[in-house]
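Report on one structure; see the data block that follows.
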4 protein chains.
Amino acid sequence: MIAILVTGGTFDKQHNELAGTLTFKETHVPEMLRLGRCRVDVAVRQLMMIDSLEMTDADRRSIADACLASAESRIVVTHGTDTMVDTARTLAKVMEGKTIVLTGAMVPYAFGSSDGLFNLGSALSFAQALPAGVYIAMNGRAFRWDDVRKNRETGVFESL
Amino acid sequence: MIAILVTGGTFDKQHNELAGTLTFKETHVPEMLRLGRCRVDVAVRQLMMIDSLEMTDADRRSIADACLASAESRIVVTHGTDTMVDTARTLAKVMEGKTIVLTGAMVPYAFGSSDGLFNLGSALSFAQALPAGVYIAMNGRAFRWDDVRKNRETGVFESL
Amino acid sequence: MIAILVTGGTFDKQHNELAGTLTFKETHVPEMLRLGRCRVDVAVRQLMMIDSLEMTDADRRSIADACLASAESRIVVTHGTDTMVDTARTLAKVMEGKTIVLTGAMVPYAFGSSDGLFNLGSALSFAQALPAGVYIAMNGRAFRWDDVRKNRETGVFESL
Amino acid sequence: MIAILVTGGTFDKQHNELAGTLTFKETHVPEMLRLGRCRVDVAVRQLMMIDSLEMTDADRRSIADACLASAESRIVVTHGTDTMVDTARTLAKVMEGKTIVLTGAMVPYAFGSSDGLFNLGSALSFAQALPAGVYIAMNGRAFRWDDVRKNRETGVFESL
């Protein structure tokens, strides 16, 4: 059993056609799991639905609390890419004995040509195969929380 | 460095609009890797482009030969789902010391609502994280070659 | 009020993921009208769901009967492209005083990159704007039933 | 020959993945015409690429000038939906003897589930079939410029 904790990010943004803006509504994770014909036993919990640039320390603590409280020892966290590394660091300070994989997307899943489905397949797989620790799964790779940064010029995650 | 060996299957089928049929042309794997913003160092090689129901023993031997000859010790094989388990068995007989992950799709990537991108993200991740052995990555899970079958009623891969 | 008579064709084909074949299930016309935010008052009737290469004279007569019986004087008929011209000729022989527009698609709507949505928008518009007569709306153009053929080399409809 | 004058609007917005915002780059009209297998003889001209809420009187005059200067007597104008009716009114004041059809979209074409392709098929068809005048083609219907408003609650265009 794997927990999927949803926090928002580009991954889950969608287009509000009356306002003409990017906004959040429901998470797309259950629909993505259906599309991927995923048969991993998962529990999806929506913790918050925010842009990671607006994530506060209190938000990060509540994600950490949810990871600590989770009965599952393997956890995927969907997250905006801009501060994903910060949240990974917060989680690494308090977690022990669980495999936690953060992932997200550069393009909203709802926009058709998204990297989200690829990343979700990747994150769920790394969450099953990697030993306890906190990781970021982006660009088809898994990075340890203390050896990763988002290159803001290219939008690509890379080792330090 | 991971080798991706392409053999065809539903994964790569597309619609021939003049004939109104499902056919093969080029593999979609490079386009899928771009969409997934994949930055894993991969070498894509197209071995054949066939429906797995038409795959012969000679075809399976040539896939095994390509795995043996491959300089990469981590290999993803894209394959039709109908006889994926048979090919996995063939590979398991001759391979040693390499991690080989077979994957495919129930819906062609070119058809928009495909499980292919999810499966490719999953297979590439398992190929990086699992120890040497032959596996099938479908439905978000990784199965050992000797503990998996495709349920033909549901289209889902499951343990024996 | 416009009647939309559904007969099948590539327009409505979809992928059967257990069999790996192209088949018919339900028509996609209502979903397409929703996607197009269509607010034209329409009545969708599914007459048959077949490949137009398999359409018999009896099938064509039943389409003609449905057009004659229709209370609406403006009618769109969705149809396979291969024999669309034949059905248009059959309809032209018996119809008077109604605007009938046949349309279809080269790529199934369900496959993501289809011409179907463009053609449906085109056909519904020509059906509202053109005088009584039988027409084919394909490739953004409207052709009179007696001045059109499908070029089988290119898949494009053209004047004689 | 039909002129397609591009001014921007939701129709042509796309997702900037580095900034996480909706922006303009190139127009998608040529790609949409390819997808629709359109064989109407068209000349696509990009006049500006802006949100219609930011359109000034000077912008509207330049659209009117382009319509007046156009050698083609049938013209499609792609436009944001918020002030489409205002631009239609401006065009109606100066145009005579040409068929001008404004259209747009509630969802960007680039986002997969857009009404844009349906609307483009509709607008091009109305532009061919309607007599001289200024019209808005949205929701599968054609409205005269002086009998239409956008309902801001529903996002739907309706008669006065």
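Couple of notes before you dig in:
- Within the shell defined by Cβ-Cβ distances under 9 Å, the residues around B:Gly140 carry a net charge of +3, with Lys and Arg each +1 and Asp and Glu each -1.
- All other residues whose Cβ lies under 10 angstrom from that of A:Thr90 are scored, Lys and Arg at +1 and Asp and Glu at -1, for a net of +1.
- Kirkwood Rh in Å, taken over all unlike Cα pairs in segment C:1-75: 13.7
- Antiparallel DSSP beta bridges within chain A, percent to nearest 5: 35
- Segment B:119-160: projected area of the alpha-carbon convex hull, averaged over directions, in nm²: 2.9
- For residues of D:16-24, the mean tally of beta carbons on other chains within 10 Å: 4
- Accessible area buried at the B-A interface, both sides summed, 1.4 Å probe (Å², nearest 100): 2300
- 3J(HN,Hα) along segment B:8-23, derived from phi through the Karplus expression 6.51 cos²θ - 1.76 cosθ + 1.60 where θ = phi - 60°, amounts to x, x, 3, 2, 10, 6, 9, 8, 8, 6, 7, 8, x, 10, 8, 9 Hz, with x in place of Gly and Pro.
- Computed over chain C, relative contact order equals 24 percent, with contacts defined as Cα pairs under 8 Å that lie 6+ residues apart.
- Segment D:101-160, accessible surface, carbon-and-sulfur percent (1.4 angstrom probe): 47
- Segment C:83-160: radius of gyration and largest Cα-Cα distance (Dmax), Å: 12.3, 37
- Of B:Lys98/C:Lys25; A:Lys93/B:Lys98; A:Lys25/A:Lys98, those spanning more than 32 Å from alpha-carbon to alpha-carbon: B:Lys98/C:Lys25; A:Lys93/B:Lys98
- Antiparallel DSSP beta bridges within segment B:60-140, percent to nearest 5: 0
- Of the beta bridges in the protein assembly as shown, as assigned by DSSP with both residues counted there, near 35 percent are antiparallel.
- Per-residue mean of foreign Cβ neighbours for D:31-43 is 5 (Cβ atoms of other chains, 10 Å radius).
- The magnitude of the dipole of segment D:82-160, with charges of +1 and -1 set on the Cβ of Lys/Arg and Asp/Glu and taken from the Cα centre, is near 120 debye.
- Surface composition of segment D:1-59: carbon and sulfur atoms hold 47% of the protein heavy-atom accessible area at a 1.4 Å probe.
- Between the residues C:Leu160, C:Pro108, C:Ala92, the greatest Cα displacement towards the positive end of the dipole of segment C:88-160, with unit charges on the Cβ of Lys, Arg, Asp and Glu, is found for C:Ala92.
- If the chain linking B:Glu96 and B:Arg39 were pulled fully straight, counting 0.36 nm for each residue of separation and taking away their Cα-Cα distance, it would gain 17.8 nm.
- Sum of side-chain charges, A:Lys25 neighbourhood, beta-carbon under 11 Å (Lys, Arg +1; Asp, Glu -1): -1
- Longest segment of chain B lacking GluC sites (Glu not before Pro) that sit in a DSSP loop with at most 15 other Cβ atoms within 10 Å: B:27-95
- Stokes-Einstein D in µm²/s, Kirkwood radius over Cα pairs - segment C:89-129 at 20 °C with 1.002 mPa s viscosity: 185
- In this simple spin-label approximation, A:Glu54 and C:Ser62 carry label points 7 Å from Cα along the Cα→Cβ vector, and these lie 5.6 nm apart.
- Segment B:68-160, relative contact order in percent, only Cα pairs under 8 angstrom and at least six apart counted: 27
- Calculated accessible area for segment A:25-160 comes out at 40 Å² per residue, all protein chains present (probe 1.4 Å; ligands, DNA, RNA ignored).
- Within chain A, longest stretch clear of exposed trypsin sites (Lys or Arg not before Pro) (DSSP loop, no more than 16 other Cβ within 10 Å): A:40-151
- Cα point-scatterer Debye curve for the protein assembly as shown, base-10 log of I(q)/I(0) at q = 0.07, 0.08, 0.10 Å⁻¹: -0.51, -0.66, -0.96
- Reachable aspartates and glutamates from B:Lys13, criterion Cα separation under 15 angstrom, eight or more residues apart if same chain: B:Glu26, B:Glu31, B:Asp51, B:Glu54, B:Asp82, B:Asp115, C:Glu17
- Where N is the number of residues in chain B, Cα Rg divided by 2.2 N^0.38 Å: 0.95
- Check: the protein assembly as shown dipole with +1 on Lys, Arg Cβ and -1 on Asp, Glu Cβ, in debye: 0
- When only alpha carbons of segment C:61-117 are considered, Rg and Dmax amount to 12.6, 37 Å.
- Built amide H within the under 5 Å cut-off of B:Val42, gap 5+: B:Ile2
- Dipole in debye (nearest 20) - chain D, about Cα centre, beta carbon charges: Lys, Arg +1; Asp, Glu -1: 380
- Of A:Thr99, A:Thr87, A:Thr23, the one that fluctuates the most in a GNM where chain A has Cα springs shorter than 10 Å: A:Thr23
The values are calculated or read from the model by the stated rules, or taken from the named source; none is laboratory data. Small disclaimer: the values here were computed from a predicted structure and weren't measured. Quick reminder, even Gly has a Cβ in these numbers, built from the backbone with ideal geometry, and neighbours come from all protein chains shown. Surface areas here come from the heavy atoms of the whole protein model, side chains and all, with no ligands, DNA or RNA. Shrake-Rupley method; radii C 1.70, N 1.55, O 1.52, S 1.80 Å.
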